[in-house]
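A quick write-up on the structure given underneath.
The values are calculated or read from the model by the stated rules, or taken from the named source; none is laboratory data. Source: prediction; values computed, not measured. Counting neighbours? That spans all protein chains shown, and the Cβs are built from the backbone with ideal geometry, glycine included. For the accessible areas, the whole protein counts, side chains as well, though only heavy atoms, and no ligand, DNA or RNA atoms are used. Shrake-Rupley method; radii C 1.70, N 1.55, O 1.52, S 1.80 Å.
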Amino acid sequence: MQKRYFPFITLGWLALTLLLVGLSLFSDYNRLQKSLSSDAHFIYSSVYEKTYINEVLLQNFTVLVSARPDDVDAIRSFANEMRKRYPHIERLQIHHQAPPLTTGYGTTSQFNVNPDANSYNASFPIVFIEPLTPDTRYLLNKDLLSDPVFAETINFARRYHQPVASPPFTLNNNRSSYGLFLAFFDRNTAPDGNNLYIASLVINIASLLPSSSFLSENAIISLKDESGAILDQRFTSTNNEPMPHWLPILKEQRTINRFGQSFQLEIAQQFSPKNLSISQLVILLLCSIAVYLLLMAYLRQKVAAESEQSSIYSKLKDERQQLENRIHTRTQELRDQLIENRRLTHQVLAVQEKERRNLSRELHDELGQSLTAIRTDAKILKRIHPDENSLVNQTAESIDAIAQNIYDVTYGMMRTLRPSALDDLGLMDAIQECIVSNRFDEHGIILHTDFRGALNEMHEDYNITLFRLTQEAFSNIIKYAKAHNVWIDIHRTSQGQRKEISGDRLEVMISDDGIGFDIKQIAFKSGFGLIGMRERVRALGGNFKITNNHENGTRIVVIIPIHSESVTGVEASSISDPATPAEPVH
């Protein structure tokens, strides 16, 4: 951290502070919006309940009148009781359809006139009104169908027999009201134009809205008709105070269109400073300033510490560089030593094979000739003394048998040191000879072989390595494995890739189903058999792996690349990589 970054940190702090203040304001705005939505839902429920009550009252009124249209006292008593319980009902009225035709010309049915049709020019005078007072008596026998305010409403009610509300109108007491109409027939007679009635309720619109005492400050409730004209409003006590015009106004709208009554509710509230959580903003700003001061103090301390740390780091870097140089030098020395050790190992193996070949040749040439001469002399003695009971004949027979035994032992040693078939016939015949000499049948072992590829067309180093691997593996299996089956697969292939070795290569797998052993604890830690096998493979740049063969036995997998150049080049390329894997994989 450097001092030149401090102005950017300050700008970041200011931006973050403004963001937090904005989030706080948004939280207040959202809280006010939720409160407004809750108020709107309450008002909607209140108005909806009243409109529902109006429809139920109208239905009950029509049921009474349709059952007893002539019982004026019962109807008036019911209407009076309804007005006492529900003061928002200004009047209850009954209209009875009256055709313009006189009795002198007959009834409407005689002229095939449909009293429900709009073309039928009937009248609907008021025949009942409650309350019946001097102020309302003049409405009796008044035909509302001739009034433009009610004509369309009455025609709709007469045709569909469903509750329908009239447009708002003003009563004599200057109260804004609307009428709720429902047409019905006298249930005591067959439906026709002579017994068609319309019941209506005149409802005070101002009574639909609840009191504004529960509203927040600066809130307005508006009740509108379908066209959006304001029918009634409620104000809070402080909403007349001047407010800044740039502050947002929150609105919630609901629509009621049930029971023949259609209204629009709107509640609006202007966002004001009183709606803000001032204490929350003050705490937020104080915390932000405190955090900024602490951060700047920490950064100044950190800059000082970094300056000191940079000085110490520079010294440590120099010392580390010196240490890395020494480690690199030592690593290179160890790598060179490892390369030299592997080169010497390869030379030792080469010298060992050469000495074995020479020793095998000497045994064959010198001892073989001597044993042949001894057996020839013994046979001559047997011919001179043909009597089998003579001491000379018996001695000659014994000498011949001993010489033959010495020759067999010597021949076995010669094959162990250097199989002649490897030089005379090739790798495959040498391995077959090794298989025969190990007498697997006598040990109760079934051998499974799979040889593929041009195995007799390789350099001598590959041949002797494969032969020694096979020889050592067979020896260990017979001595320790107690196996019943042995598998040996030798493939020469150039397809695909195995263990990061591609191109022309040898893939060898030798496995058994014997008792196995703890590879981690024993392999490469006792004896030189497995170590010698591993080093021979490494000398040719190959990969040597020994694992447990599933549940029982042991498996050896060897992959050796075959190079066209001299073996010396192979040796150099193989020992130049000290990381060639050779340890057993578990």
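Charged side chains reduced to their Cβ positions (Lys and Arg at +1, Asp and Glu at -1) give region 438-561 a dipole of some 380 debye around its Cα centre. Heavy-atom accessible area, probed at 1.4 angstrom with all protein chains present, ranks 351, 558 as 351, 558, highest first. Note that the chain presents 58 Å² accessible area per residue, ligands and nucleic acids not counted, probe 1.4 Å. Modelled spin labels at residue 160 and residue 413, positioned 7 Å past Cα toward Cβ, are 12.6 nm from each other. Across region 438-561, Cα pairs under 8 Å and at least six residues apart give a relative contact order of 25 percent. The C-alpha atoms of the chain define a longest principal axis, and helix 72-85 lies at about 50 degrees to it. Structural descriptor for the chain: relative contact order 9 percent, calculated from alpha carbon pairs under 8 angstrom and at least 6 residues apart. Here residue 147 and residue 281 are evaluated by their C-beta separation; at R0 = 56 Å the FRET efficiency comes out at 0.40. This model, with +1 at the C-beta of Lys and Arg and -1 at the C-beta of Asp and Glu, gives the chain a dipole about its Cα centre of some 2140 debye.
When all protein chains stay in place and ligands, DNA and RNA are ignored, the 1.4 Å accessible-area order of 13, 487, largest first, is 487, 13. Contact order for region 169-227, expressed relative to its length and based on alpha carbon pairs under 8 Å spaced 6+ residues apart, stands at 30 percent. Annotation: for a label point projected 7 angstrom from Cα along Cα→Cβ of residue 448, residues of region 482-508 with backbone N closer than 15 Å are 483-490.
Within region 296-400, the GluC sites (Glu not before Pro) that combine a DSSP coil assignment with at most 12 other C-beta atoms in a 10 angstrom radius are 388. Axis angle, to the nearest 10 degrees, between helix 427-437 and the longest C-alpha principal axis of the chain: 80 degrees. To the nearest ten degrees, helix 6-67 and the longest principal axis of the Cα atoms of the chain are 50 degrees apart.
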